[in-house]
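K.L.:
Sharing a structure with you now.
Read-outs throughout are calculated quantities, based only on the coordinates presented, and are distinct from any laboratory measurement. Computed from a prediction, not measured in an experiment: that's the story for all the values here. Every residue, glycine as well, gets a Cβ built from its backbone with ideal geometry; the counts of neighbours run over all protein chains shown.
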Amino acid sequence: MTDQTASKADSDNGVRSYLAKHLREYGLLFALIAIMAFFQVMTGGVMLRPINITNLFLQNSYIIIMALGMLIVIVAGHIDLSVGSVMGFIGALAAVLIVNMNMSVWLAVPICLFMGGVIGAAQGYWVAYWKIPSFIVTLAGMLVFRGLSLWLLEGQSVGPFPKEFQIISTGFVPDIFGIGRPNGTALAAGATAASLIFWLGLRGRARNRQYGAVEEPMAFFIVRNAIVMGALMFVAYKLSTFRGLPNVLISMTLLTVVYAFITENTVIGRRIYALGGNEKAAKLSGTRTERLTFLAFVNMGILAAFAGLIFAARLNTATPKSGFAVELDVIAAVFIGGASMSGGSGKIIGAVVGAFIMGVLNNGMSIMGIGIDYQQIIKGLVLLAAVIFDVYNKRKQS
Amino acid sequence: MSTLLEMKAITKEFPGVKALSEVSLSVEQGEIHAICGENGAGKSTLMKVLSGVYSTGSYDGKIYYDSELADFRTILDSEKKGIIIIHQELALVPLLSVAENIFLGNERAKNGVMNWHETFDRTKVLLAKVGLRESPSTVVDTLGVGKQQLVEIAKALSKDVRLLILDEPTAALSEFDSATLLDLMLELKHQGVTQIIISHKLNEIKRIADKITVIRDGTSVSTLDLHKQNISEDDIVRDMVGREMSQRYPPRIPRKGSKVMEVCEWNVWHPEHSNRQIIHDVAFTVHAGEVVGIAGLMGAGRTELAMSIFGRSYGQKISGSIKLHGQEAIIKDIPSAISAGMAYVTEDRKSLGLVLDDTVQRNITLANLPSVAKAGVLNEDEEAKVAEEYRISLQIRTPSVQQIVGNLSGGNQQKIVLAKWLFTEPDVLMLDEPTRGIDIGAKYEIYGLINELSERDKGVVMISSELPELLGMCDRIYVMNEGKIVGELSAKDASQERIMAMIVTG
Ligand SMILES: Nc1ncnc2c1ncn2[C@@H]1O[C@H](COP(=O)(O)OP(=O)(O)OP(=O)(O)O)[C@@H](O)[C@H]1O
Ligand SMILES: [Mg+2]
């Protein structure tokens, strides 16, 4: 029966059911564009100035990097409230090692990343093997590491960092073509990325057609890709007329690609989704659920450490307050990006776009001079709206 | 007798699936009306339409209840009219007590303060009515499925039920528990409760039903009156599958090769109560190409035995030895059990077998991902091809392998669990109630698959509460009771009576 009716379903129906299924993804993309357009108008064009676009990346990279790890933790059915504190703690550690103890940057950075992993392991151990709710373990971690960074810094700000540390964040990729301005590397990178996205999209389509998944209508595919590619080229061009590609943009993009690949195309990624979807079934199917949970937290710790380094490098100092309440922005980004609270679903790219939405909101409202009070209210409402949209969408489908 | 319920030309569509097309159903006051049909025919969907799970407007057609046009927007609307549905998948809150579950949403309270006396007293009365001898304060989690089913009925009775709908109530029950339940249904009928039952067990339907409506491919094909016509099970099957089906079990030539699995002195203790022994000194063997049955009542320890063998996924302080192909095997966890060539199809597909929010494809490959991957990177083309092969060979009814498993009918979900384990290419396949909730046609297909495995010299262990199924399929049957093996019968010596006798004399 189903075979016949499925083939009988006219193409009109196909478009509608495709849209219903993917409304979330389109919605997210358009929300980001709409918000940017809104601020572009409201700030009188400041939003999309090359310098501001560069700033957007510099300011939000650490949130995006942590959102990658948080997505995995949330997909696995957990949460990590400690990332803001851990990030602050690692920044403080870096400052003490590099500034106070004159350690080489090349040694201090690996030590800091390793410490991040150890912190993740220390928390993940209790969650994975002792089945203590992650909310509680990481709430404890949040307090502990906040306290530890205060102790490390003795309540003071420590800085400045040497140049080679600062470039983690504020360095730019030189123009390999030697044009200078516009920066050739930026333009070339933008064009490569755009064509890569288009090519991957085409390949995915071919596969879907072969295996009977509901297919994205061609028109949608073209429009969506045109927008994404256009936006990429636009950003690349804008960056090229300023100082080119920021180093953080490179590390951020690489990490995003790597994590998107891991979550969507590898065995371990698949198992994390299964673990979050139904832990018992995943376990009975031969997944080492405890180990996976543990690793998710280790990974989160390393990424939080990296974020801490980037943040300290940008501010050029470590302060006891850095990373304060950042975990909330990170978690919000992941949920705006469509991850489910109960685990088992959510995408890397969604989390990244979610983080950008938060970032653009922060940035745009700051430029407009909106007070911190209203900023909080608006961000809260955006998060709520995104989740309501999700739930509504799901309900309509069943 | 007057007509209590008329469903007229009900049509219900899901994205890409037409689950019901112009189905009609008419139920008389005070009768037991059975609904039969293959997996995915639309039985559960029809009942969800009736009970307001799918609200008016989300489907086409009309429902007349008590000669009035019904407009049920939620379950509460239908409950107010005395329509109570007990779903295919039980819906009790596991950590609450029997009494709390029965009065959940209907609490005995005054100004929001619970009246525990009344709650418990009324629960006692209800439990007596359904013949369940348990204390009202027992936590539901600790009861077996059979007893939980009775709690569901007690819950239905606690509301003023006029039309009770049971969706495959006996699928998870032993013969004995089923019989109790069916007697209870007849008793309720005498008290004037109209009932609709969905079941794949035709003998039960013949025993208690007054009328049968057969649904095939989302349309109602016939309504048979068991009192007027002389109807055989074969007649019902013919209407269900649309063709003649002369045999229930595919022909099978008994086979017996070398020993593939040998379990010795197997002892297991309860996972939480370390002084309660669940499995006592169990020993059994499985030969290549053999289908070995394990018979026993609910709670005999069959599932616990299988799970403890399968990578120690149940129990603690496990002792004993497992030999695979004559070699001592050290199996400390599930991954090592799988790589040693074991597979275990769980009896509880919803909570242990499937990731319900994932697609058919992802569920089928879950236990054997490395084989559709290279260096840890999945090859989705390969994966889709594998899933597609199983969809075709097991005749899984789904619009595509990209469908979410939770949207499939119960029987088709079961086939997906099977597909998952077949894909691991096991040497020993342990099947725990493999045909639970599966229609007759699909059962036949699954039996055929089991025979195919045995022809490829795999060993099959089959746990089932349906004795006819064990007798029809197995070469040898072990009988279990209270955690011990109390007997062993070869196919030609086995009969229902002998097995029951072994259980009783234990
Ligand atoms: N929420 C849903 N979304 C999409 N399709 C659905 C949904 N619910 C049911 N279906 C489809 O509708 C059809 C009828 O399903 P239904 O559960 O009513 O079958 P059934 O007759 O009860 O089968 P079984 O005997 O296996 O329980 C199936 O093809 C199923 O896949
Ligand atoms: Mg059903």
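K.L.:
To the nearest whole number, what is the average tally of beta carbon atoms from other chains within 10 Å of the beta carbons of peptide B:330-338?
P.N.:
2
K.L.:
Taking the stretch B:455-494, which trypsin sites (Lys or Arg not before Pro) meet the DSSP loop condition and have no more than 12 other C-beta atoms within 10 Å?
P.N.:
Passing both the DSSP loop test and the Cβ count: B:R456, B:K492.
K.L.:
Could you list which residues have their amide H under 5 Å from that of B:T219, counting only those 5 or more apart in sequence or on another chain, with H placed in the peptide plane?
P.N.:
Under 5 Å from the amide H of B:T219 lie the amide H atoms of B:S21, each far enough along the sequence or on another chain.
K.L.:
Would you please calculate the Kirkwood hydrodynamic radius of chain A over all C-alpha pairs and express it in Å, rounded to one decimal?
P.N.:
After inverting the mean inverse Cα-Cα distance, the result is 22.3 Å.
K.L.:
Based on the mean of other Cβ atoms within 10 Å per residue, sort peptides A:281-291, B:70-80 so the most packed one is first.
P.N.:
A:281-291, B:70-80
K.L.:
Report the dimensions of the stretch B:3-241 along its three principal axes from the alpha-carbon atoms, largest first, rounded to Å.
P.N.:
Per principal axis, max minus min of the Cα coordinates gives 50, 39, 33 Å.
K.L.:
Karplus couplings for the stretch B:38-52 from phi (6.51 cos²θ - 1.76 cosθ + 1.60, θ = phi - 60°), rounded to Hz, Gly and Pro as x?
P.N.:
Rounded to whole hertz, the list is 5, 4, x, 5, x, 5, 5, 4, 4, 6, 6, 4, 4, 8, x.
K.L.:
Would you calculate the separation in nanometres between label points at B:R248 and B:R207, each defined as 7 Å from the Cα along the Cα-to-beta-carbon direction?
P.N.:
It is 1.2 nm.
K.L.:
Which of the peptides A:140-150, B:245-255 is most tightly packed, and how do the rest follow, judged by the mean count of other Cβ atoms within 10 Å per residue?
P.N.:
Final packing ranking: A:140-150, B:245-255.
K.L.:
Let me ask something else. Which semi-axes, in whole Å and largest first, does the equivalent ellipsoid of the stretch A:192-265 have when worked out from the alpha carbon gyration tensor as the square roots of 5 times its eigenvalues?
P.N.:
28, 17, 7
K.L.:
Now for a separate question. Give me the Å³ per residue figure for the convex hull around the C-alpha atoms of the protein assembly as shown.
P.N.:
That works out to 198 Å³ per residue.
K.L.:
How large is the dipole of the protein assembly as shown about the Cα centre if only Lys and Arg carry +1 and Asp and Glu carry -1, each at its Cβ, rounded to the nearest 20 debye?
P.N.:
Dipole of the protein assembly as shown, to the nearest 20 debye: 2180 debye.
K.L.:
Rg to Rh ratio, the stretch B:274-403, alpha-carbon atoms and Kirkwood radius?
P.N.:
Radius of gyration relative to Kirkwood radius: 1.01.
K.L.:
Quick one: give the max-minus-min coordinate of the C-alpha atoms of chain B along each principal axis, largest first, in Å.
P.N.:
On the principal axes, chain B reaches 70, 52, 50 Å in Cα extent.
K.L.:
With only alpha-carbon atoms counted, please give the Rg and Dmax of the stretch B:351-425, in Å.
P.N.:
Every Cα atom of the stretch B:351-425 included, Rg and Dmax give 11.3, 36 Å.
K.L.:
FRET efficiency for B:E233 and B:D183, Cβ-Cβ distance as r, R0 = 25 Å, nearest 0.05?
P.N.:
Efficiency computed from Cβ-Cβ geometry: 0.75.
K.L.:
Given the rule -39500 (n - 2.57) for each run of at least 4 DSSP H residues, summed and divided by the residues of chain B, what is its mean residue ellipticity at 222 nm, to the nearest 500 deg cm²/dmol?
P.N.:
My calculation for chain B gives -9000 deg cm²/dmol from helical runs alone.
K.L.:
Further, regarding this structure: Would you work out if the stretch A:104-253 is rounded, prolate or oblate? Take a ≥ b ≥ c from the square roots of the eigenvalues of the alpha-carbon gyration tensor; rounded if a/c is under 1.5, else prolate when a/b is larger than b/c, oblate otherwise.
P.N.:
Oblate is the answer for the stretch A:104-253, as a/c is 1.5 or above yet b/c matches or exceeds a/b.
K.L.:
Let me ask something additional. Kyte-Doolittle mean at least -0.5 and Cα extent at least 20 Å along the axis: which DSSP H helices of chain A qualify?
P.N.:
Those that clear 20 Å and a mean of -0.5 are A:11-42, A:50-75, A:105-130, A:134-153, A:184-210, A:218-240, A:247-265, A:289-315, A:348-368, A:372-397.
K.L.:
Alpha carbon centre of the stretch B:267-337 versus the stretch B:163-199: separation in Å?
P.N.:
34 Å
K.L.:
Which value results for Rg/Rh of the stretch A:337-398 when Rg is the Cα radius of gyration and Rh the Kirkwood radius based on the inverse mean 1/r?
P.N.:
1.06
K.L.:
Taking the Cα-to-Cβ direction at B:D381 and at B:D121 and moving 7 Å from each Cα, how far apart do the two end points lie in nm?
P.N.:
7.4 nm
K.L.:
Using a cut-off of 22 Å between alpha-carbon atoms, which lysines can reach B:K12, once sequence neighbours fewer than 8 places away in the same chain are excluded?
P.N.:
Qualifying lysines at Cα under 22 Å: A:K8, A:K21, A:K394, A:K396, B:K43, B:K48, B:K62.
K.L.:
Between B:D77 and A:N316, what is the label-point separation in nm under the 7 Å Cα-to-beta-carbon projection?
P.N.:
A separation of 6.7 nm, rounded to one decimal place.
K.L.:
Please report how far the C-alpha centroid of the stretch B:402-424 lies from that of the stretch B:54-123, rounded to the nearest whole angstrom.
P.N.:
Measuring centre to centre over Cα atoms gives 30 Å.
K.L.:
Quick one: helix B:496-505 against the long Cα principal axis of chain B, what's the angle to the nearest 10°, folded into 0 to 90?
P.N.:
80 degrees
K.L.:
While we're looking at this one, here's another question. For A:K238, which aspartates and glutamates qualify as cross-link partners when the Cα separation must be under 17 Å and same-chain residues fewer than eight apart are set aside?
P.N.:
Of all the aspartates and glutamates, those that pass the test against A:K238 - Cα under 17 Å, at least 8 places apart if same chain - are A:D175.
K.L.:
I've got another one for you. For the cross-link pairs A:K280/B:K124; B:K147/B:K317; B:K80/B:K129; A:K131/B:K350; B:K18/B:K420; B:K80/B:K201, which exceed 25 Å when the distance is taken from alpha carbon to alpha carbon?
P.N.:
As for pairs spanning more than 25 Å Cα to Cα, those are A:K280/B:K124; B:K147/B:K317; B:K18/B:K420; B:K80/B:K201.
K.L.:
Per residue, what volume in Å³ does the convex hull of the Cα atoms of the stretch A:129-174 enclose?
P.N.:
It is 150 Å³ per residue.
K.L.:
Give me a comma-separated list of calculated 3J(HN,Hα) values for the stretch B:416-431, in order, Karplus coefficients 6.51, -1.76, 1.60 applied at θ = phi - 60°, integers in Hz, x for any Gly or Pro.
P.N.:
Each residue of the stretch B:416-431 in turn: 5, 4, 4, 4, 4, 7, 4, 5, 7, 6, x, 8, 10, 10, 9, 10 Hz.
K.L.:
Using alpha carbons only, what's the Rg to Rh ratio of the stretch B:48-169 with Rh from Kirkwood?
P.N.:
1.01
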